[in-house]
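To start, the structure under review is shown below, and the notes come after it.
The values are calculated or read from the model by the stated rules, or taken from the named source; none is laboratory data. Quantities reported herein were computed from a predicted structural model and do not represent experimental measurements. Glycine gets a Cβ as well: all are built from the backbone with ideal geometry, and neighbour counts include every protein chain shown. What goes into the accessible areas is simple: the full protein's heavy atoms, side chains included, and nothing from ligands, DNA or RNA. Shrake-Rupley method; radii C 1.70, N 1.55, O 1.52, S 1.80 Å.
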Amino acid sequence: MNAASFDPLAKQDIGAPQVPALDVRGLSVDIATSRGVLNAVRGIDLKIRSGETLALVGESGCGKSTVAKAITGLHAVTNGSAHICGHEVTALSRRQWRPLRALVQMIFQDPFASLNPRKRIGSILSETMRVNGVPKQQAMQRSAELLERVGLPKTALRSFPHEFSGGQRQRIGIARALALQPRLIVCDEPVSALDVSVQGQIVNLLMDLQKTENVAYLFISHDLSVVQQISDQIAVMYLGRIVEAGSREEIWSAPKHPYTRALIDSVPSLDRRRKDLSLRPYLAGDLPSPYNPPSGCAFRTRCAKAQAICSDIRPELQSAGSKHLVACHFSD
Amino acid sequence: MAQTEDMQALLDIRNLTVNLLRSGAPVDVLQDVSFSIQAGRVVAVVGESGCGKSITASSIVGLLPPSMQIASGQISFDGEDLVGASERRLRQLRAKSMAMVFQDPMTSLNPLMTIGRQLQEAAIMAFGCSTEKADEIALSMLQKVGIPDAVSRLQEYPHSLSGGMRQRVMIAMALCRKPKLLIADEPTTALDVTIQLQILRLLADLQAELSLTILIITHNLGVVAELADDVVVMYAGKVVESGGVDEILKTPKHPYTRALLAATPRFAIGQPPERIAFKEIKGTVPELGKRGPGCRFEARCPASEPGCAASAPETVRITASHIVACRSREMLQ
């Protein structure tokens, strides 16, 4: 794709349909900090087919947001490759990124922090199109269409972000991400800051848009219950590595990694009461320091099944079914 | 919520109305909020952002922001009126009888003081005891909340602890006072799910061991289910329904409670959830100052009737403990 022939409002050339929206191989990200080098992401593989959703799940500090930054060019990659619709993006300059920006967009967690409070919605939405050379009037017209697409009135174009609730702002964030008809949207905890009644609205909107726009999502979340409906594939991260990955059905029917099982079991349930709490299996301890991860399997310090081999040999991701990978010496 | 109405409640809130003072007419942030807490019970106040659940907690402990004031109603705690209480008296009560745990333990701990000093200070404030005695209390409470290697932790500063550990320290600091009432405002919201479960277990264990009375403020119905005996559901500054945990979660009567339950994802291992849309609640909560005289859920309510918008519904008693504010007879069946 070269800049001269680039029409930002045309459907992007995504190559043959079998070209994945995202193909990540052996991605590693090291971050230099005052406390030393942090290996935030350690050799992960991810693949998202066109128009599908991969949920990347894990707790704080597992590296999931660093993955998002790495593949959108917001963080330098140490090793490995990432292809978005066939375009290698890990070693691009800002200028080289520019024509590809239309392919991949982001939706952020905090709808209060991700919209400029001093700009009107019309200007926030049309800005990305204007930067990509769309004439002003056309950009405004498309902004109005986008607002209706995400369930807001056209009159919102003249309003400022503070006039909207959290859920409505997240809709604006989604409209902005859709402006250039991306093939991949990286959604970083898009509903974590929202009330449960509004979470449903936003997840439903994202599912609906996926059907009509044929856009793929990398959906990053700490909460498996949120991604249960939207995901086609699920990958679970712990301390920089993927410990289990598979289709939504496989993971939900039979999670194989003790950590995945604990993540699902830990979500408070409407069907349990206080008397059940002390009997429930739970994960003791904290996430180990990512600066000094345990030898072997990083999860062994909190794992009820851990044995000597777990500290000696790190389990590799291995096939555990037709569409299922797990990294555990004692997987279920 | 009184199972036995004649029993003296530890905390009793009657018709509490709190106003936000601003240019023009004051607007109510809470309107006619009533519920009570019996000693030894865990009561959850649940609702979404802006429903007034945290303002309710702030009203109890006398820590309303300067822009808000109690317009009417009573709060009685252990037989004492708190609405008319002096600032000095409220301070005494906060130091000893009513302890609070907040959502974000990092901003509630002093970053410049060791954990040990902060716990010691809490014990001295509560009991006026010697520093030696206070240190003894501090250490035993730190051990009680399950902090490994408690002796050396006393010397550390909050920044060197993880989020879950900080929340344990906050709970230890609350327990140092042997409070009559522990108010926990979203105590697990900032934590990861596996850590959240640890803290819920800790609260349940402590409650059983010490017969603690706990008021927990949360938006999470799962947390309510796992911890509470009694539940108060709030919407837009009003109590819409209250009752025992099974009454609220299994036989909810208010359309809002029902919608909230339907919107809460349910799942279990072994049952891949269907790939269907979430049940959402259409629309948004009415803004402060734009709340009409009628039922505040009316605009979003699937069961709204003529008349719902015009006047507020009477509260209806379903059982001795189950109360609902809805005029739809169909709902109350």
Sort out which residues of region B:317-333 are within 17 Å of B:Val239 (Cα to Cα) and free of Cβ contacts under 8 Å to residues at least 60 places away in the same chain, and write them in order of number.
-> B:Arg317, B:Arg327
Boolean, B:Ile195 is within 12 Å of chain A (Cβ to nearest Cβ) and open to solvent by less than 10 Å² (accessible area, probe 1.4 Å) | no
Could you look through region A:287-332, keep only residues that are polar (S, T, N, Q) and surrounded by 14 or more Cβ atoms within 10 Å (Cβ to Cβ), and pick out the one that is modelled with the lowest pLDDT?
-> A:Ser331
Filter region A:255-270 down to residues that are facing chain B (nearest Cβ under 7 Å) and in contact with a strand residue (DSSP E or B) (Cβ under 9 Å, 6 or more places away or on another chain) and give me whichever is most open to solvent (accessible area, probe 1.4 Å).
-> A:Ser269
In a strand (DSSP E or B) and out of contact with any helix residue (DSSP H, G or I) (no Cβ under 9 Å at 6 or more places or on another chain): does that describe A:Val37?
-> yes
What do you reckon, is A:Ser247 over 29 Å from B:Val43 (Cβ atoms), more than 7 Å from every other protein chain (Cβ to nearest Cβ) and either surrounded by fewer than 22 Cβ atoms within 10 Å (Cβ to Cβ) or in contact with a Phe, Trp or Tyr (Cβ under 6 Å, 6 or more places away or on another chain) (or both)?
-> yes
Members of region A:1-34 that are at pLDDT below 90, among the aliphatic types (A, V, I, L, M) and part of a loop (DSSP other than H, G, I, E, B) = A:Met1, A:Leu9, A:Ala10, A:Ile14, A:Ala16
Complete set of residues in region A:280-290 that are more than 7 Å from every other protein chain (Cβ to nearest Cβ) and either among the hydroxyl-bearing types (Ser, Thr, Tyr) or within 21 Å of B:Arg41 (Cβ to Cβ) (or both) | A:Ser289
Out of (1) under 26 Å from A:Gln138 (Cβ atoms); (2) touching a strand residue (DSSP E or B) at 6+ places or on another chain (Cβ under 7 Å), what's the single condition that is false for A:Thr212?
-> (2)
For region A:163-205, name all the residues that are over 26 Å from A:Ala21 (Cβ atoms), part of a helix (DSSP H, G or I) and touching a Lys or Arg at 6+ places or on another chain (Cβ under 9 Å).
-> A:Ser197
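Listed here are the residues, each with its yes/no results for (1) within 14 Å of A:Cys187 (Cβ to Cβ); (2) modelled with pLDDT of 90 or more.
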{"site": "A:Ser60", "(1), (2)": "no, no"}
{"site": "A:Gly63", "(1), (2)": "no, yes"}
{"site": "A:Lys69", "(1), (2)": "yes, yes"}
{"site": "A:Thr72", "(1), (2)": "yes, yes"}
{"site": "A:Ala76", "(1), (2)": "no, yes"}
{"site": "A:Ser81", "(1), (2)": "no, yes"}
{"site": "A:Cys85", "(1), (2)": "no, yes"}
{"site": "A:Leu103", "(1), (2)": "no, yes"}
{"site": "A:Arg118", "(1), (2)": "no, yes"}
Counting only residues in region B:28-52 that are within 12 Å of chain A (Cβ to nearest Cβ) and open to solvent by less than 30 Å² (accessible area, probe 1.4 Å), the one nearest to B:Asp78 (Cα to Cα) is identified as B:Val42
For region A:50-159, which fully contained strands (runs of 3 or more DSSP E) count at least 2 residues that are farther than 19 Å from A:Leu206 by Cα?
-> A:79-84
Go through region B:60-86 and count every residue that is in contact with a Leu (Cβ under 7 Å, 6 or more places away or on another chain) and open to solvent by 60 Å² or more (accessible area, probe 1.4 Å).
-> 2
Options B:Ala99, B:Ala134, B:Ala126, B:Ala122: the member that is touching a helix residue (DSSP H, G or I) at 6+ places or on another chain (Cβ under 6 Å) and surrounded by fewer than 21 Cβ atoms within 10 Å (Cβ to Cβ) | B:Ala126
Taking the options B:Pro187, B:Pro272, name whichever one is in contact with a helix residue (DSSP H, G or I) (Cβ under 8 Å, 6 or more places away or on another chain) and surrounded by 20 or more Cβ atoms within 10 Å (Cβ to Cβ).
-> B:Pro187
Would you kindly identify the strands (runs of 3 or more DSSP E) lying entirely within region B:1-105 that contain at least 2 residues that are of a type outside the set (A, V, I, L, M)?
-> B:11-20, B:27-37, B:68-77
Is it the case that some residue within region B:278-289 is closer than 18 Å to A:Arg273 by Cβ, within 8 Å of another protein chain (Cβ to nearest Cβ), at pLDDT below 85 and open to solvent by 60 Å² or more (accessible area, probe 1.4 Å)?
-> no
Inside region B:207-223, the number of residues satisfying the requirement of being open to solvent by 10 Å² or more (accessible area, probe 1.4 Å) and not aliphatic (A, V, I, L, M) is 5
Being open to solvent by less than 20 Å² (accessible area, probe 1.4 Å), among the charged types (D, E, K, R), more than 8 Å from chain A (Cβ to nearest Cβ) and closer than 28 Å to B:Ala208 by Cα narrows B:Glu247, B:Glu241, B:Glu226 down to just B:Glu241
May I ask you to verify whether A:Val236 is open to solvent by less than 10 Å² (accessible area, probe 1.4 Å) and more than 14 Å from chain B (Cβ to nearest Cβ)?
-> no
Sort through A:Ala284, A:Ala308 and tell me the only one that's among the small types (Gly, Ala, Ser) and over 29 Å from the mean Cα position of the chain (by Cα).
-> A:Ala308
Please work out which residue is nearest to the other protein chains (Cβ to nearest Cβ), limiting yourself to region B:292-311 and to residues that are assigned to a loop (DSSP other than H, G, I, E, B) and open to solvent by less than 40 Å² (accessible area, probe 1.4 Å).
-> B:Phe297
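Every residue, every condition in (1) within 10 Å of another protein chain (Cβ to nearest Cβ); (2) assigned to a helix (DSSP H, G or I), yes or no:
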{"residue": "B:His159", "(1), (2)": "no, yes"}
{"residue": "B:Met173", "(1), (2)": "no, yes"}
{"residue": "B:Lys178", "(1), (2)": "no, no"}
{"residue": "B:Ile183", "(1), (2)": "no, no"}
{"residue": "B:Thr188", "(1), (2)": "yes, no"}
{"residue": "B:Asp205", "(1), (2)": "yes, yes"}
{"residue": "B:Leu212", "(1), (2)": "no, no"}
{"residue": "B:Ile217", "(1), (2)": "no, no"}
When residues of region A:209-232 are filtered for being touching a Cys at 6+ places or on another chain (Cβ under 9 Å) and within 8 Å of chain B (Cβ to nearest Cβ), how many remain?
-> 1
Among the candidates B:Gly73, B:Gly128, which residue alone is farther than 19 Å from B:Ala150 by Cα and more than 22 Å from the chain's Cα centre (by Cα)?
-> B:Gly128
